[in-house]
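What follows is a single structure, written as structure tokens, with notes after it.
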Amino acid sequence: MENLDYSRFWPVVLQVVPTDEFGIYVYFNDGSVRFFDVKPLLKKGTVFEPMTDLDFFKGRLSIINDTVAWDMTGDGDPCKCIDIDPFVLFEQPCVADPLEQSA
């Protein structure tokens with residue numbers, strides 16, 4: 001979006017696609033796709049510890065409150081999720097859309 005005023009822009013996550021290497025492709029409302037490596041967050045004794053299991057990481061990944069989140073209980077309760085600030089995700093470099101590459 002060429003004429004977008006980023007000084008007034010609020011990033012909203014529209015779609016998220018996980019990888020088998022604990023990364024996520026994040027699709028934003030400005031049309032950009034960004035990659036975020038979650039691996040550095042996946043440490044024992046932290047809130048991110050359950051996500052060290054790849055099935056949990058991929059199966060509980062969702063979009064809650066306009067950002068990437070993991071539904072920790074499986075009931076969709078936004079108070080029981082672990083999320084990542086959309087501005088942190090939006091600061092990542094733009095990447096090619098992996099879904100277009102596979103088509």
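Taken together, the values in this text are just the output of simple stated rules run on the coordinates, not laboratory data. Owing to the predicted nature of the structure, the values given are computational and were not obtained by experimental measurement. Backbone-built Cβ (ideal geometry, glycine too); neighbour counts: all protein chains shown.
Provide 49, 100 in ascending order of the number of other Cβ atoms located within 10 Å of each residue's Cβ, fewest first.
Least to most surrounded, the residues fall as 100, 49.
More than 14 angstrom separation, counting every C-alpha pair in segment 1-59; what % is that?
Percentage above 14 Å: 61.
Just to check, using Stokes-Einstein with a Kirkwood Rh over alpha carbon pairs, what's the diffusion coefficient of the chain at 37 °C and 0.692 mPa s in µm²/s?
For these conditions, the coefficient is 229 µm²/s.
Neighbouring Cβ atoms within 10 Å as the yardstick, rank 88, 38 fewest first.
Ordered from fewest to most neighbouring Cβ atoms within 10 Å, 88, 38 come out as 88, 38.
Using Cα pairs under 8 angstrom and six or more residues apart, how large is the relative contact order of the chain, in percent?
Here the relative contact order equals 25 percent.
Label residue 44 and residue 87 with points 7 Å out from Cα along Cα→Cβ: what is the distance between them in nm?
3.5
If you rank 63, 24 by fewest surrounding Cβ atoms within 10 Å, what's the result?
By the 10 Å Cβ count, ascending: 63, 24.
Taking +1 at the Cβ of each Lys and Arg and -1 at the Cβ of each Asp and Glu, which of 95, 23, 62 sits farthest along the dipole of segment 16-103 towards its positive end, judged by Cα position relative to the Cα centre?
23
Where in segment 30-58 is the amide nitrogen less than 20 Å from a point lying 7 Å along the Cα-to-Cβ axis of residue 80?
46-53, 55-58
For the chain, what does the helix formula give at 222 nm: sum of -39500 (n - 2.57) over DSSP H segments with n ≥ 4, over the residue count, nearest 500 deg cm²/dmol?
Mean residue ellipticity at 222 nm (helix-derived): -3000 deg cm²/dmol.
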